[in-house]
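What follows is a set of notes on a single structure, which appears directly below.
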Amino acid sequence: MKRKLTLAGGLLMLALSACTLTMEAPQATVVIEPTQSAPSAVVFDPARCVSDNPGPNVVSVTPVIDGDGACYRLPTGTEVTVSPPPDMPFMPVMVEFYFLGVGLEPDVIGVDHDATDGISILWQTPPSPFQGQLYVIFYSDDKGSVDVNTLGVYGE
């Protein structure tokens, strides 16, 4: 019996030595997570702002990248909230919001018909760099209107 095991073991070793065994390592999947981007090298430039009628009584806009109160740099292709100045001349029945791009005609970007619930609109900023001004016109019951100072904005 010992001989059979030895003979069987030898045959097994001979059979294994004649075979080549190929094993492939499993392929690894590498997932690269995005990292925080470096802060923008672009800095706020008030010279990029255009405002025909600057002043303290201007619309507000959020969110902003940076600015100085009379001009703001906004993110491109982003929804921002535009609100009238806090010191309204009267309780309006309607408020029109405008964007006046450089070299363009004024564009109505929103209308609020109910001042009793707060006045604001959501505005989608242009997807590419832009430059212009935001302003509002208040309308009263007696068909009068008042516009306010413009806020210079640009996006990049």
| message | With the requirement that a residue be at pLDDT 85 or above, over 21 Å from G118 (Cα atoms) and out of contact with any Lys or Arg (no Cβ under 9 Å at 6 or more places or on another chain), what does region 54-69 give you? | response | D68
| Are there any pairs with C-beta distances below 9 angstrom linking a residue in region 87-111 that is without any contact (Cβ under 8 Å) to a residue 40 or more places away in the chain and among the β-branched types (V, I, T) to a residue that is exposed (fewer than 14 other Cβ atoms within 10 Å of the Cβ) and assigned to a strand (DSSP E or B), with the two at least 6 apart or on different chains, and if so which? | I109/Q124
| request: Please enumerate the residues belonging to region 133-150 that are in contact with a Pro (Cβ under 8 Å, 6 or more places away or on another chain) and hydrophobic (A, V, I, L, M, F, W, C). | output: V136, F138, V146, V148
| task | Could you tell me which numbered condition V82 fails, if it satisfies all but one of (1) within 18 Å of F138 (Cα to Cα); (2) modelled with pLDDT under 90; (3) surrounded by 13 or more Cβ atoms within 10 Å (Cβ to Cβ)? | result | (2)
| Identify, please: which residue in region 63-97 is over 26 Å from V43 (Cα atoms) and in a strand (DSSP E or B) and is, among those, nearest to the chain's Cα centre (by Cα)? | F97
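The values are calculated or read from the model by the stated rules, or taken from the named source; none is laboratory data. Since the model is a prediction, treat every value here as computed from it, not as a measurement. With ideal geometry, Cβ positions are generated from the backbone for all residues, glycine too; neighbour counts draw on all protein chains shown.
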